[in-house]
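What follows is a set of notes on a single structure, which appears directly below.
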Amino acid sequence: MRTFGKIVVIGAGVLALAACGEKQNTAGSAQTSGAAPASASSSAPAAPKGKECTAEDVKTTGKFGEAPTITIPDDCDPPKKLITKDLEPGTGEGAKAGANLKMNYTVMTWSDKRKLDSSFDRGEPLDLTLGAGMVIQGWDQGLVGVKQDGRRLLIIPPDLGYGQGGRGIKPNETLVFVTDAVTVPPV
């Protein structure tokens with residue numbers, strides 16, 4: 001049982017780095033984790049629905065500090081551009097490039113509606129310097145302006161995420177994050 005627990009903890013840490021702390025291909029330089037989660041399956045893309053989803057189409061539950069649930073719709077296509085929506089506005093100054101943030105997050109894949117990772121599950125927020133290339137471009141762009149104690153939805157298209165895939169993420173995958181800004185110091 002102890003070995004299984006260690007495997008689960010190590011696997012969660014690897015997924016955290018894969019989902020938020022590493023850039024590959026179109027996302028630029030990488031922060032490596034040293035291990036890779038299971039590889040993504042290669043299923044055919046879903047037929048287009050003809051309508052691009054908006055932030056309002058993605059449903060979330062939970063308040064700041066609580067692990068969120070994310071429901072991705074079946075009746076529309078993933079957006080082609082970065083979408084951000086403040087679910088809770090937060091207070092104070094908005095985050096700027098160079099700010100050292102502490103963020104909690106849950107991330108799901110659009111194509112198979114699978115939770116990839118959640119810092120809420122580990123009870124440990126992710127530390128990052130905004131705009132320093134420590135995370136995918138969708139985070140570096142999408143978290144600009146987030147305020148302390150704010151909760152923000154990020155819908156990140158492949159070109160601002162993991163592009164051609166890897167580290168357990170399918171090629172051309174859209175990622176959906178709910179993020180909580182635990183710490184946003186003034187810059």
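The values are calculated or read from the model by the stated rules, or taken from the named source; none is laboratory data. Keep in mind the model is a prediction, meaning the values are calculated, not measured. In this analysis, Cβ positions are derived from the backbone assuming ideal geometry, glycine residues included, and neighbour counts consider all displayed protein chains. The area values use the complete protein model at the heavy-atom level, side chains included, leaving out ligands, DNA and RNA. Shrake-Rupley method; radii C 1.70, N 1.55, O 1.52, S 1.80 Å.
Treating only the Cβ of Lys, Arg, Asp and Glu as charged (+1, +1, -1, -1), what charge dipole size does the stretch 45-129 show about its Cα centre? Round to the nearest 20 debye.
Numbers: 13 positive and 15 negative charges, 31 e Å.
It works out to roughly 140 debye.
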Quick one: accessible surface of THR129, probe radius 1.4 Å, all protein chains present, in square angstrom to the nearest 10. 40
Net charge contributed by nearby residues that have their C-beta within less than 12 Å of ASP57 (K/R +1, D/E -1): -1
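Calculate, for the stretch 55-95, the solvent-accessible area per residue in square angstrom, rolling a 1.4 angstrom probe over the heavy atoms of the protein chains.
Working: 2430 Å² over 41 residues.
That works out to 59 Å² for each residue.
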Give me the net charge for the shell around GLU93: Cβ to Cβ below 14 angstrom, other residues only, Lys and Arg +1, Asp and Glu -1. +1
Karplus-derived HN-Hα couplings along the stretch 140-145 (A = 6.51, B = -1.76, C = 1.60, θ = phi - 60°), whole Hz, x at Gly and Pro: 4, 8, x, 9, 4, x
Contour minus Cα-Cα span, LYS63 to LYS80, at 0.36 nm per residue, comes to 3.4 nm
Working out 0.36 nm times the residue gap between THR54 and THR129, then minus their Cα-Cα distance, what length gain in nm do you get to one decimal? 24.2 nm
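Two decimals is fine: what's Rg over Rh for the stretch 46-187, C-alpha atoms, Kirkwood radius as Rh? Can you show the working numbers first?
Numbers: Rg = 14.4 Å, Rh = 15.1 Å.
On the Cα set of the stretch 46-187, Rg over Rh gives 0.95.
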Projected label distance in nm at THR71 and ARG122, using a 7 Å step from Cα toward the beta-carbon: 2.9
Positive end of the charge dipole of the stretch 90-187 (Lys, Arg +1 and Asp, Glu -1 on Cβ, about the Cα centre): tell me which of GLY161, ASN172, SER111 has its Cα farthest that way. SER111
